[in-house]
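Working notes, structure below.
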Amino acid sequence: MSGKEIARKRKQSGGDIERGMATLLFKICVALSKQLAQHIFTGPFARCCATLLWNLKCRSENISYINLGHIKCKDDHLLVYFAHLKTVQEGKLAKYPRAVYANPIEPWICAITALGVYLICVSTCVGESLGSLPLFQGSQEDCARCYRACLTAEVKRMRMNLEEQGLAQDNNGTHSFKGAAATYVSAGGTACPSSSSISLRAGWSQPGVEDTYRRFDVAGDEHVGRVVTGLRMYNEELTLLPPTFIPKSQEDHEFVIGCAQECMDVTKVNPGVGLRCLASVIYHLETLRSTLPSS
């Protein structure tokens, strides 16, 4: 059936015009992430998945392959490396990391805060160094299945809110966060990041010669990384620095390192990642305590 015939059939039958997974609004993604965090057993995992999917604009398969060694710390942000992408499976883009920034204002969409909570919980349960292990335990299929189940349950609970926005309950899935992030970054203002930077971060192939001449650049990806945090694009918020420890003496520095090592074993692999995550968790501690389950 040709494209014109499909369009004509939809027009006559009144069928759905939209194709693929629905694109969620930013506020809906924030609400979903907050609800996912409140699951007693899967909360840290589900929220970490959701915020990484949003901030990295990637597929669920990509985050299930992330190893703790793939996460680095640079200046005021984290860097996440992907071994492969759907469009570049041979790993040619593995040397180009994605910049992930903190959101000091909205903790529920902040990937660094979510990663910190998850690492603290996992370190407590496992009790050994996680440096050589994947970020998420279990097979790729198990991770995707668990996250999908959590997301489906929350989508059902938020059915009325979704319907008010014209979003069908059955048309939301793991790809909805990626699509929503791409829409938010590309159409959330009048001076958005370049389309090439957005496509490259999402792992999408570009049409024609654009794949040849429009290459990955650090500045472009960092711009996308800042905007996708949810900080206001045309406000000084966009340049906010992340929560950071500022020790005034060597004793203070050793005390902070000791606290981080006691909380999460990831500091044995990359102390910068552990300190950055722990600082964000402590900064949002009151909000987290008042919302998350105590056990």
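Can you work out the FRET efficiency for the pair Arg145 and Ala191, with r the C-beta to C-beta distance and R0 = 35 Å, to the nearest 0.05? Efficiency at R0 = 35 Å is approximately 0.30.
With the biggest extent put first, the Cα atoms of segment 223-295 measure 40, 32, 23 Å across the principal axes. Accessible area of Thr244 (1.4 Å probe, protein heavy atoms only, ligands and nucleic acids ignored): about 80 Å². In plain terms, the chain from Phe245 to Thr42 could stretch by 70.2 nm, reckoned as 0.36 nm per residue minus the Cα-Cα distance. What FRET efficiency comes out for the pair Arg232/Glu254, r = Cβ-Cβ distance, R0 = 45 Å, nearest 0.05? Rounded to the nearest 0.05, the efficiency is 0.75. Extending 7 Å from the Cα toward the beta-carbon at both Ile282 and Glu61 defines two label points whose distance is 4.1 nm. Taking all protein chains as they are arranged and a probe of 1.4 Å, the heavy atoms of Asp217 leave approximately 90 Å² accessible to solvent.
Annotation: extensible slack from Lys156 through Asp75 equals 25.2 nm (criterion: 0.36 nm per residue apart, minus Cα-Cα distance). Length gained on full extension, Val218 to Thr291: 22.7 nm, using 0.36 nm per residue less the C-alpha separation.
The values are calculated or read from the model by the stated rules, or taken from the named source; none is laboratory data. Given the structure is predicted, the values throughout are model-derived calculations rather than measurements. Positions of Cβ are generated from backbone atoms using ideal geometry, with glycine treated the same way; all protein chains shown enter the neighbour counts. These area figures cover heavy atoms from the full protein model, side chains too; ligands, DNA and RNA do not enter into them. Shrake-Rupley method; radii C 1.70, N 1.55, O 1.52, S 1.80 Å.
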